[in-house]
Structure formats: structure tokens, C-alpha cells
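FYI, it's all coordinate maths here, none of it is from the lab. As the structure is a computational prediction, the values presented were derived from the model and not from experiment. A quick note on method: Cβ atoms are made from the backbone with ideal geometry, for glycine too, and the neighbour counts reach across all protein chains shown.
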Ligand SMILES: Cc1cc2nc3c(=O)[nH]c(=O)nc-3n(C[C@H](O)[C@H](O)[C@H](O)COP(=O)(O)OP(=O)(O)OC[C@H]3O[C@@H](n4cnc5c(N)ncnc54)[C@H](O)[C@@H]3O)c2cc1C
């Protein structure tokens with residue numbers, strides 16, 4: 001029993017990078033779209049602050065790049081890592097064939113806020129915060145809408161097409177009964193913040209030592225830290241105690257000594273589970289999944305946001321006109337999956353390779369560690385670093401905006 005029922009052309013469940021980008025592009029093309037986001041705002045610890053050169057290129061194609069770059073951000077032109085005693089270079093973005101030859105580091109809520117504001121310029125964009133998709137409406141074997149829980153009660157959103165953009169723990173894909181292929185991930189991440197001083201290095205960097213690994217994102221007044229542990233290892237970490245954990249953090253970044261005491265409670269350290277999986281089929285009549293809901297990505301390479309955005313662009317390119325004419329077919333939904341499968345598979349394969357060849361070994365090692373051979377090669381040959389930059393910054397089969405803006 002629901003309290004309210006509305007109709008729209010496309011209902012998107014999930015207001016992360018995939019959902020907000022798709023909502024904006026469809027509204028811009030004149031499609032009626034309702035985006036449901038279960039949280040009341042974007043201001044929470046989203047994973048991933050990386051806005052890739054390919055996404056910046058899309059912003060340029062949309063005529064939004066200059067405005068977007070006024071949002072505070074940092075520009076990363078080269079990726080380096082500290083492995084044991086060695087400082088190694090792994091990617092060089094300065095030769096990319098894009099307008100912006102850097103990764104922009106921006107808190108994800110600013111990115112989502114920016115896109116949501118762009119969407120709100122169009123009358124067909126309906127973003128509902130604090131609305132959680134809890135079930136699908138099914139009629140005659142076809143998905144006909146979403147049932148959502150809001151502060152004002154339950155609401156049915158009936159739509160020609162439902163797009164699941166609700167991330168790695170997708171309710172939509174689960175309720176639709178879509179089969180998942182799990183590729184496994186040997187790591188989880190402990191996510192916490194420590195204050196940042198003006199005298200600290202401005203660099204965002206990764207540090208690998210025997211048995212431990214940490215990435216630190218510069219968010220101006222604080223460091224967002226991602227401490228990598230073996231999958232399911234949280235209980236062992238807690239058993240060793242908070243003091244031991246703080247020492248492990250300091251062993252990698254001694255300059256944090258004067259503020260490590262900020263980590264005085266496990267509540268300040270959040271476990272983010274890492275998964276790498278993909279749906280066997282991304283669609284059913286009336287339903288499509290994209291982004292992490294279709295293929296959960298590991299944080300390795302910081303490319304999941306990029307893939308989610310690219311999925312959204314491809315979906316809008318393929319479906320916008322059909323949605324406007326209310327004639328979305330199974331073939332068109334399959335075309336989205338076909339177009340995006342290759343990039344997703346290539347990147348997941350690379351992530352699994354790094355999990356198995358680099359991360360598992362680092363976490364299992366006890367003595368001194370040296371860079372593994374793939375990293376040594378990257379450090380030695382600048383051309384290889386341009387290749388990693390291309391894969392991270394642009395990826396396979398980059399998408400371009402093919403939809404046009406409808407009259408407002
Ligand atoms: C620890 C960690 C660190 C990462 N770091 C990076 C990085 O630095 N760079 C990078 O590119 N990628 C990173 N990734 C991967 C990246 O986070 C994902 O690939 C990317 O966010 C996928 O975008 P998405 O829009 O598909 O899903 P998400 O970003 O997961 O967004 C899903 C949205 O749906 C909402 N939602 C969920 N369920 C419902 C529901 N039932 N109803 C309504 N709304 C719902 C959520 O609140 C969320 O806003 C990281 C992943 C992990 C696990």
C-alpha cells in the first residue's frame with residue numbers, strides 16, 4: 001500500500017555519479033526523469049574524489065568546463081607511489097589528448113552537487129533526496145516502476161524505464177533477480193580522516209610497506225585516508241588494538257605523529273568493503289543497470305567513477321531519443337550493455353591483476369618490500385607511464401556527448 005503514485009518516463013534509482021549524470025543528460029535532452037537518492041544530501045563520505053580527464057572532456061563538450069573548474073579542486077598530473085624505500089612514478093597525464101591533462105581531485109559531493117544543479121535548470125529533471133528504492137513494480141514480467149520509501153511515506157514511481165544506479169549493494173539488481181558473477185576482491189579499506197596542516201605536502205599519494213598500504217587524499221583541511229587491509233581482516237586489526245593501528249599508520253606517514261591521537265575511537269574508522277563483480281545481463285524488459293550496480297569496481301586505479309559516468313553518457317546517447325518517443329526496446333537496452341561491456345571487462349581484468357600480483361603480495365609480505373616488476377617497468381619507461389595514464393584517465397572506448405540540449 002503506497003501513499004502516493006507518480007508517473008515519469010525514466011526513473012533512476014541512485015544519485016551517485018552514474019545516476020546524477022544520466023538524470024542530467026536525459027533532462028537536458030528533454031526526457032522526463034525522476035532520480036531517487038536515499039540520502040538526504042550528497043555531503044557524506046562518498047568513495048572516490050577523482051574526476052578524470054575524460055569526464056573533464058565531457059564537461060567541455062557540454063560547455064560546462066570553465067564553470068566546473070571554478071569549484072575548488074587539486075590537479076594531479078603525475079601519479080607516484082612510495083613502495084618500501086623506493087619512490088616510483090606510475091602514470092604521467094601530461095601527454096593525454098584531452099583539454100585537461102590532469103585528474104581533478106574534488107570531493108565527490110561537490111561534483112554531484114554541480115551536476116544536480118545543472119540538471120535543475122531543466123523542467124523535466126526531478127531529483128528526490130531522501131527517497132530510497134525498496135522494491136520494483138512488476139507487471140506481466142515487465143518492470144513498470146519503483147516503490148520508494150520517503151520521509152512522507154511510500155511512493156510508487158511508474159516509468160517506461162527504470163535504471164538501477166544504486167551502486168555495489170544495489171537493491172534494484174537484487175529485486176530484479178539479475179544474476180551476479182563475483183570476481184572476488186582480496187582487500188577491504190579502512191576509511192578515516194586526520195587533520196591537515198599547511199606545512200604538509202600538498203600531494204595525494206599512495207604508500208606501500210610490507211604488510212600494509214595506505215592512500216592519502218588531500219582534502220585541504222584534512223587528509224582522507226584509505227588504509228588497505230586483507231579481505232575480512234577487520235576483526236584481526238581490532239584485536240591488535242587502536243594503539244597498534246595508529247602505529248601502523250605512523251610507520252607509513254610519520255608526519256602525522258602530532259595528530260594521530262585524533263583516531264581515538266573505532267567509530268572514526270569506517271570499513272568499506274571492496275567487491276569486483278558484474279551482472280551476467282544488465283537488463284530486463286523495462287529495466288537497465290549501469291555503473292557499480294551493473295559492475296562493482298575496486299578502488300584500484302581510481303577508475304570506478306569514470307566508468308560510471310561513461311556508462312551514463314552511453315546510456316543517454318543510446319536511449320534519449322527512444323525515451324522521448326516512448327519506444328525503448330530490449331534491443332536498445334542490450335545495445336547499452338554491448339557498448340559498455342568491453343571497457344568494464346578490460347578494467348576489471350586489470351584490477352584483478354593488480355589485486356593478485358601487487359596488493360595480495362604486499363599485504364602478505366613481512367620483510368622489506370621492493371617495487372614489483374610491473375611497477376619497476378613503469379618507473380623506468382616514460383612511454384609506459386603515458387599508457388597507464390591513458391588507461392586511467394581516458395579508458396577504453398571513451399564516450400562523447402551525442403545528445404543535444406532541448407529548448408528549456
Ligand atoms: C573504498 C573505495 C574507494 C574508491 N575510490 C575510488 C576513487 O578514488 N576513484 C574512483 O573513480 N572510484 C573509486 N571507487 C569506486 C567508485 O566508488 C565506484 O565505482 C563509483 O562510485 C560507482 O558509481 P555509481 O554511481 O555507479 O555508484 P555509487 O557511487 O555507489 O552511487 C550509488 C548511489 O545510490 C544511492 N543508493 C544506494 N541504494 C539506493 C536505493 N535503494 N535507493 C536510492 N538510492 C540508493 C547511494 O546512496 C549512492 O548515492 C572506490 C570504491 C571503494 C569501495
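Going highest first, how would you order 362-375, 8-21, 140-153 by mean Cβ packing within 10 Å?
Output ranking for 362-375, 8-21, 140-153: 8-21, 140-153, 362-375.
Using a Gaussian network for the chain with springs between C-alpha atoms less than 10 Å apart, which of these wobbles most: 67, 174, 37?
67
I need the Debye-formula profile for region 287-394: one equal scatterer per C-alpha, no solvent, reported as log10 I(q)/I(0) at q = 0.18, 0.24 1/Å, two decimals.
The Cα Debye sum returns log10 ratios of -0.93, -1.30.
Please determine, in degrees from 0 to 90 and to the nearest 10, the orientation of helix 304-324 with respect to the longest principal axis defined by the Cα atoms of the chain, where the helix direction is its Cα long axis.
That helix lies at roughly 10 degrees to the long axis.
Considering the chain as a Gaussian network with a 10 Å cut-off on Cα pairs, which listed residue, 212, 349, 259, attains the greatest mean-square fluctuation?
259
What order do you get for 245, 205 when you list them from fewest to most C-beta neighbours inside 10 Å?
205, 245
Rounded, prolate or oblate: which fits region 197-238, taking a ≥ b ≥ c as square roots of the Cα gyration tensor eigenvalues, rounded meaning a/c under 1.5, else prolate when a/b beats b/c?
Prolate shape, in that a/c is at least 1.5 and a/b is the bigger ratio.
Relative to the longest principal Cα axis of the chain, at what angle does helix 330-354 sit, 0 to 90 degrees, rounded to 10?
10 degrees
Roughly how far apart, in whole Å, are the Cα centres of region 150-180 and region 309-327?
Using only Cα atoms to place each centre, the spacing works out to 18 Å.
Order these by the 10 Å Cβ neighbour count, fewest first: 181, 209.
Final ranking by Cβ density, sparse to dense: 181, 209.
Listing 83, 51 from the residue with the fewest other Cβ atoms within 10 Å to the one with the most, what is the order?
83, 51
At what distance in nm do the modelled label points of residue 183 and residue 356 sit from each other, each positioned 7 Å from its Cα along Cα→Cβ?
With each label point 7 Å from Cα toward Cβ, the separation is 1.1 nm.
Based on the alpha carbons, how large is the Rg to Rh ratio for region 144-244 when Rh follows Kirkwood?
Ratio value, two decimals: 1.13.
Pairing the Cα long axis of helix 108-119 with the longest principal axis of the chain, what angle in degrees results, from 0 to 90 and rounded to the nearest 10?
Helix 108-119 and the main axis of the chain meet at about 20 degrees.
If R₀ is 35 angstrom, what is the calculated FRET efficiency for the pair residue 221 and residue 365, using the beta carbon separation as r and rounding to 0.05?
0.50
Expressed in nm to one decimal, what extension gain is obtained for the pair residue 66 and residue 267 from 0.36 nm per residue of sequence separation less their Cα-Cα distance?
68.4 nm
If packing is taken as the average number of other Cβ atoms within 10 Å across a peptide's residues, how do 309-316, 109-116, 296-303 rank, most packed first?
Per-residue mean Cβ counts within 10 Å order the peptides as 309-316, 296-303, 109-116.
Relative contact order for the chain using alpha-carbon pairs under 8 Å, separation at least 6, rounded to a whole percent?
24 percent
Given the C-alpha atoms of the chain, compute the convex hull and give its volume per residue in Å³.
Dividing the Cα hull volume of the chain by its residues yields 140 Å³.
If I take all pairs of Cα atoms in region 187-273, what percentage of them are more than 15 Å from each other?
The answer is 55 percent, as a whole percent.
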